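Shown next, in structure tokens, is the structure this report addresses.
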Amino acid sequence: MTFVTVGFLAGALFAGIPVILHLIFRRRAPEVLFAATRFLKVAARRTSRRRRIENLLLLIVRTLLIALLAVGLAGPLVRRAVGSGRSGSDVVIIIDNSLSMSAAQDGEPRFLRAKKALDDMLSGLGSGDMVALVPTAPLEGSAETGLVSEVGTVREQAARLRTSSVRGSLSKALEHSGGLLSKSTAANRLLFVITDLQATSLPPKETLSDETRSALLGVPAIVYDCGGVVRNISVESLDVKSAAGVVGSPVEILAQVSSSSPVEETVNVTLTAGGKRLQQRSVTLPPGGSSEAAFSTVVRTKGIFEGFVEVETSDGLTEDNRRHFALLVRDRIKALLVEAEHTEPAFDDDLFFLRRALDPFLTGSSQGTSPFDVTCSTYAQIDSLDAYDVVFVMLRGGLDEALSKRLSDYVEGGGSLVVFACDDPALARRECPWLPGRLVGRKSARRAAGERFALSSLEVGEDALSAFRDEPPALYNTVRVYDYWMMEPGEAATVLMRFDTGEPALVEAPVGSGRMVLFTLAPTRRTTTLVSSKFFLPLIYEVSYHLVETAGSPGETYAGNPVKLAAAGCAGGPLVVTSPDGASRLVAAGEDEALFYRSTGMIGCYRLRAEGTTADTAVFCVNIDPAELAAGRLDEEEAKRRLPGAKVLLVDSSASLAGALASLEPVLALGDVLLYIVLALALFECLAANRLPVKSSGA
């Protein structure tokens, strides 16, 4: 029992006044004997006992009247436990098991604290209650939970629960909880949320569906805060550049290291690859800021080159101290060059200059080796494209539907395609709908009048041309062009290079799982001086490296996200994916003919190979989503604004949890009942007092 106004209980002390008065007026007057009164003694003795009982009753009534008046004015409340009684309660408990809940505060992981809070909540349930436990990052293969009456079942579920590398979604958990509570017919409904109140945890209520907001409106919500300030240093991201991953080429790795510490710190950052610790850097981190650590190494053998960058420190969250990377290293890049037909003289052939740019050691006595293994073919000779890392096509008339389909399937399946527009644009567009834009007409210079076009600008901010960021414009703006195709780029296309007329000269676009670039000019001596300039070879190399690095490889993904796999090199068939723990899974195409791998809950490197083969053909890495490592926290008011409940209570201990539950318990107010009893007693006292005879003070 509790009281609304405890101060009124002091009034109960006045209940002793009637007792004191009774004791005072009990004193008997002196006896004076008269002869005539001695005959009344017998009658007085008969009635004295009855008067003593009546006086005692009046004393009790008057004492109770004052005492009950004081207690009634204090407002006594009798609480009934939530869920007790015949109707029971429906209780939904959301528990945050995202990676940030692994952080340790004062030596205790947040998730351990969360489980203790969960145990307190389950212990407070009544026998008639229904309960559901909803994790923010469900275990792979687990079914959605519903309301159950057996608390033991929920305890077993909680015992199996652990923190996940997958980014937790409180938004999805709230949507599911809203669905459970919207179907509830219980007299009482209650929502618990156990979380660390990261800035990215509770979603703004405006982002919840109307159905969820409606279901949660009117439902009391208790938010148990397991968070706090934690010193955390993490490898937030890696930028890996490998020049297409060819043996002997350098690999540049730039690591972004961040800190949540309020003071400046210096930490060691290491590079490990191939099972060996290769390099170490010392990095100074500003308070709450980040710094970069740069590494460089050379790949000596072909195959999978994998490793990680790690911060060597002891902090509150160790899981984000390491970030993985992986590359598929080729002995040489296999390039296929395709033209309509061979022509003479050789230097007028469409492939003459391109072939020599890709393999400058094709002729002569030099013993050098090109990073490209070049094969030339005509339209009629093409069979399979799957064995090639990059395909160059001289687009001229005669490209039949079957060849166009093979090229389309190749790039959409993850291949790298480079196209040079060499012929009728209407024909090219009709036969190649996969081009990254519409060719609208040929533009030719009047050579007799000295007319010519120049390359005027490069988009060096794009990855494909970033290697030319520090080069002077003279490298390319001295190039002269006499014929090119005007083009209207598609929505997904990026213009990388332009002529002085403003028209695109080089365009890049994604196509399915692969990528392609389109040159609007032909690499022949009759159309441009580009092929004889010192800009041609590095341009072709950088574009090719960029395509091979990006097209057909999913690169890095975050834990829990599905990965679209490239089927290049696998003849479009099923792929075998080997996860970091060595387990293998077969992945086949779905109805949309796309290959997706969804079991990405484990951090590390995943290898791909075609079914029935042993050689790995691709690799990708799964790392922690940086958004899961956000250091900011929600304050109490913001947390309350984000939950559409009737009453939102924020707690952070077992005691405050008990207090919050007590404030939500159903209450029986006894104050009014006691005041009515006081009124009845006062009426009874008046009637009883008037009925009793008044003592005579005379003889």
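The values are calculated or read from the model by the stated rules, or taken from the named source; none is laboratory data. Just so it is clear, the structure is predicted and the values come from calculations on it, not from any experiment. Heads up, the Cβs are rebuilt from the backbone with ideal geometry, glycines too, and the neighbour counts pull from every protein chain shown.
Among the residues of region 373-394, count how many are at pLDDT 90 or above and under 21 Å from Ala522 (Cα atoms).
11
Could you pull out the residue among Lys302, Lys276 that is touching a Lys or Arg at 6+ places or on another chain (Cβ under 7 Å), over 21 Å from Gly632 (Cβ atoms) and charged (D, E, K, R)?
Details: Lys276 fails: touching a Lys or Arg at 6+ places or on another chain (Cβ under 7 Å).
Residue meeting the stated conditions: Lys302.
Would you mind listing the strands (runs of 3 or more DSSP E) fully within region 227-293 where at least 3 residues are among the β-branched types (Val, Ile, Thr) and touching a residue at least 60 places away in the same chain (Cβ under 8 Å)?
Strands (runs of 3 or more DSSP E) meeting the threshold: 233-241.
Could you pull out every one of the strands (runs of 3 or more DSSP E) wholly within region 604-699 that has 1 or more residues that are surrounded by 14 or more Cβ atoms within 10 Å (Cβ to Cβ) and at pLDDT 70 or above? Give the steps one after another, and end with the answer.
Values: elements: 604-610, 618-623, 648-651, 667-669.
Result: 604-610, 618-623, 648-651.
For the condition under 20 Å from the mean Cα position of the chain (by Cα) and aliphatic (A, V, I, L, M), what is the one hit in Leu285, Leu254, Leu238, Leu278?
Leu238
Given the options Thr375, Thr343, name the one that is surrounded by fewer than 17 Cβ atoms within 10 Å (Cβ to Cβ), assigned by TED's automatic domain parsing to the domain that holds Thr528 and assigned to a strand (DSSP E or B).
Selected residue: Thr375, the only one of Thr375, Thr343 that is surrounded by fewer than 17 Cβ atoms within 10 Å (Cβ to Cβ), assigned by TED's automatic domain parsing to the domain that holds Thr528 and assigned to a strand (DSSP E or B).
If you scan region 346-372, which residues turn out to be within 27 Å of Thr301 (Cα to Cα), among the charged types (D, E, K, R) and either outside any loop (DSSP other than H, G, I, E, B) or at pLDDT 90 or above (or both)?
Once the filter is applied, which keeps residues that are within 27 Å of Thr301 (Cα to Cα), among the charged types (D, E, K, R) and either outside any loop (DSSP other than H, G, I, E, B) or at pLDDT 90 or above (or both), region 346-372 yields Arg355, Arg356.
Return the total of residues in region 525-544 being farther than 23 Å from Pro371 by Cα and either part of a loop (DSSP other than H, G, I, E, B) or not assigned by TED's automatic domain parsing to the domain that holds Asp424 (or both). Show your work before the answer.
Just the residues of region 525-544 that are farther than 23 Å from Pro371 by Cα, to begin with: 525-529.
The next check asks that each one be either part of a loop (DSSP other than H, G, I, E, B) or not assigned by TED's automatic domain parsing to the domain that holds Asp424 (or both); those that pass are 525-527, 529.
Matching residues across region 525-544 total 4.
Pairs needed: first member in region 113-124, in contact (Cβ under 8 Å) with a residue 60 or more places away in the chain and among the hydrophobic types (A, V, I, L, M, F, W, C); second member anywhere, surrounded by 15 or more Cβ atoms within 10 Å (Cβ to Cβ) and assigned to a helix (DSSP H, G or I); C-beta distance under 7 Å; at least 6 residues apart or different chains.
Between residues of region 113-124 that are in contact (Cβ under 8 Å) with a residue 60 or more places away in the chain and among the hydrophobic types (A, V, I, L, M, F, W, C) and residues that are surrounded by 15 or more Cβ atoms within 10 Å (Cβ to Cβ) and assigned to a helix (DSSP H, G or I), the close pairs are Ala114/Met101; Ala117/Leu657; Leu118/Ala158.
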